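Structure, as structure tokens:
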Amino acid sequence: KDQEMRRFVLLLLAGILLLIVQTTWLSFFPVQRMKPDLLLIFTLYLAFLFPPFLGGILAFFMGYLMDLFSGNTLGLYAFSRTLVFFGTQFLKERFYLEGFSFQFLFAFAFSFVEGGLLLVLINGRDPASLENLFISLLTFLLPRSFCTALLTPFFFSLFQKGIAVVISQPEQGIKARG
């Protein structure tokens, strides 16, 4: 119980640090459509590490903080990150996610679906902007999803090593924690 709470607080602080990096340092990235979504990678990793209740709370909280930092309609990221978390929870037993290609494809799919959902929700209020939705999907969402997916195996490995060092547990694969 104490170990679980320690891990929860550690990952909460790591999520806040990733949020700060994503909203400050990555905002200076020269090509904004290639900017990866570090918190989405973090949310995917949380789904493999935590049970539904604690992880769902953490994913919701990270989404809520993302809403506060992004300036979008309050609740969009809280909703979408919670949805990503529970979608990953549902699918994690059905796929073997140890290899680079599977982690890449899994992150790409979730990044693209979440981004598409957010675009529809944001632009859904104005039917005239839905005409440009396809262009937004190709020019903004596709490159961003690709960059996020490309960094996912690196960050999964980094998170795995960090958790193993801080909590002093032997390293386990993603599948073994599920």
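The values are calculated or read from the model by the stated rules, or taken from the named source; none is laboratory data. Worth saying up front: this structure is predicted, and the values here are computed from it rather than measured. Ideal geometry is used to build each Cβ from the backbone, glycine not excepted, and the neighbour counts take in all protein chains shown.
Among the residues of region 92-120, write down those that are among the acidic types (D, E) and exposed (fewer than 14 other Cβ atoms within 10 Å of the Cβ).
E93, E98
When region 121-136 is limited to residues that are surrounded by 11 or more Cβ atoms within 10 Å (Cβ to Cβ) and assigned to a helix (DSSP H, G or I), the one that is modelled with the highest pLDDT turns out to be L121.
Hey, can you tell me all the residues within region 76-123 that are of a type in the set (G, A, S) and touching a helix residue (DSSP H, G or I) at 6+ places or on another chain (Cβ under 6 Å)? Before you say what the answer is, go through the steps one by one.
If we filter region 76-123 for residues that are of a type in the set (G, A, S), which is where we start, we get 78, 80, 87, 99, 101, 107, 109, 111, 115-116.
Within region 76-123, A78, S80, A107, S111, G115 meet the criteria.
No other residue among T82, T23 is within 25 Å of L137 (Cβ to Cβ) and either out of contact with any Ser or Thr (no Cβ under 8 Å at 6 or more places or on another chain) or without any contact (Cβ under 8 Å) to a residue 24 or more places away in the chain (or both) apart from T82.
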